[in-house]
Amino acid sequence: MEGIASLLAPFAEFGFMRRALAGCVALSVSAPLIGVFLMLRRMSLVGDAIQHAILPGAALGYLVAGLSLGAMTLGGLVAGLAVALLAGLITRTTNLREDTAIATFYILSLALGVTLLTARGTNVDVLRVLFGSVLALDDATLLLMTGVSSITVLALALFLRPMVLEFADSGFLRSVSAAGGAMHFLFLGLAVLNMVAAFHALGTLLSIGIMILPAATARLWTNDLTRLMASSVAIALASCSVGLVASYHLELASGPAIILVAGCVYMASILAGRAGGLLPRLIPRRHLEG
């Protein structure tokens, strides 16, 4: 018990550790749910591209108002939504596929964002935007992250069935209801909101990890959508908690430590996951065993 108490002591002793944990909990409740849908729609790389598209908007907000929560959030939100909508427009008006259109915006956005940051920012500012500052979350940022998490969970609770149908068979949903396009844009809006919230904690380069890694890990253990969503949230919560503790005691960067823990769980699941892992596939099942 003393060993466990010493491991958890940082949360009792330091307010910045408690705020970091609270922010991670808020992210873990909503971001992995978005990751589940990105994975099921095979849009994981598209989500990564949209995440990086947030960078120039956040960088422009930084140039205008410094490390202002409102300016960087608004800039990132506008940039992310603009790239998602422009990519959809290009897909519908040219012969380019959506992933190709978003990939081109991803490259341009990353180059523009880094250029804007290095034009006036210091190396510390650039690193903070790119890799996040989960240990420097203030009350306003926590309120933003909690609000995004609440909106996401509420929207999924209200529109889960049509959203699942849109992802499973978008053509059928459009043939029986006018909600198909609305569900697609609602999901894109929720995805951008969560990416902007995660950006403040984990930065542009790492925040997509808290969405995709828990969802991909859970997929290796279950095929049921309800269990998949619940498992992805649990994995994200565990990864954030262990990552924060490890970063404190081992003196590591907290954001990368969280993503590395999630990555280790993912790698272990590749071996042992009962719904897609390597070892269960090598062990022969009994006849008629599910």
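The values are calculated or read from the model by the stated rules, or taken from the named source; none is laboratory data. Since the model is a prediction, treat every value here as computed from it, not as a measurement. Every residue, glycine as well, gets a Cβ built from its backbone with ideal geometry; the counts of neighbours run over all protein chains shown.
Among the residues of region 12-35, write down those that are charged (D, E, K, R) and buried (at least 18 other Cβ atoms within 10 Å of the Cβ).
To start, the set of residues in region 12-35 that are charged (D, E, K, R) comprises 13, 18-19.
Across region 12-35, the qualifying residue is only R19.
Would you mention how many residues in region 129-184 are under 30 Å from D224 (Cβ atoms) and modelled with pLDDT of 90 or more?
14
Rundown of residues vs (1) modelled with pLDDT of 90 or more; (2) over 17 Å from P214 (Cβ atoms); (3) surrounded by 14 or more Cβ atoms within 10 Å (Cβ to Cβ), yes/no style:
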residue: L244; (1), (2), (3): yes, no, yes
residue: E251; (1), (2), (3): no, yes, no
residue: V261; (1), (2), (3): yes, no, yes
residue: M267; (1), (2), (3): yes, no, no
residue: I270; (1), (2), (3): yes, no, yes
residue: G277; (1), (2), (3): no, no, yes
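What are the residues in region 111-126 that are surrounded by fewer than 16 Cβ atoms within 10 Å (Cβ to Cβ) and at pLDDT below 80, if any? Break it down stepwise before answering.
Taking region 111-126 first, the residues surrounded by fewer than 16 Cβ atoms within 10 Å (Cβ to Cβ) are 111, 115, 118-120, 122-124.
Within region 111-126, T118, A119, R120, T122, N123, V124 qualify.
Does L220 satisfy the condition of being touching a residue at least 24 places away in the same chain (Cβ under 8 Å) and more than 14 Å from the chain's Cα centre (by Cα)?
Numbers: touching a residue at least 24 places away in the same chain (Cβ under 8 Å): yes; more than 14 Å from the chain's Cα centre (by Cα): yes.
Spelling it out, L220 is indeed touching a residue at least 24 places away in the same chain (Cβ under 8 Å) and more than 14 Å from the chain's Cα centre (by Cα).
Can you confirm whether region 203-213 contains a residue that is touching a Ser or Thr at 6+ places or on another chain (Cβ under 7 Å) and among the small types (G, A, S)?
No, region 203-213 has no match at all.
Is it true that L85 is assigned to a helix (DSSP H, G or I), modelled with pLDDT of 70 or more and farther than 20 Å from A191 by Cα? Write out each step before concluding.
Values: assigned to a helix (DSSP H, G or I): yes; modelled with pLDDT of 70 or more: yes; farther than 20 Å from A191 by Cα: no.
The answer is no for L85.
For region 198-215, check the following and say yes or no: at least one residue is assigned to a helix (DSSP H, G or I), out of contact with any Phe, Trp or Tyr (no Cβ under 7 Å at 6 or more places or on another chain), closer than 17 Å to S44 by Cβ and free of Cβ contacts under 8 Å to residues at least 60 places away in the same chain. So that I can check it myself, show each step before the final result.
Within region 198-215, the first condition is being assigned to a helix (DSSP H, G or I), and the residues that meet it are 198-206, 209-215.
This time we only want the ones that are out of contact with any Phe, Trp or Tyr (no Cβ under 7 Å at 6 or more places or on another chain), so: 198-202, 204, 209-212, 214-215.
If we keep only those that are closer than 17 Å to S44 by Cβ as well, we get 198, 202, 204, 209-212, 214-215.
After this cut, where a residue has to be free of Cβ contacts under 8 Å to residues at least 60 places away in the same chain as well, the list is 209.
Within region 198-215 (the criterion being assigned to a helix (DSSP H, G or I), out of contact with any Phe, Trp or Tyr (no Cβ under 7 Å at 6 or more places or on another chain), closer than 17 Å to S44 by Cβ and free of Cβ contacts under 8 Å to residues at least 60 places away in the same chain), the answer is yes, since at least one residue qualifies.
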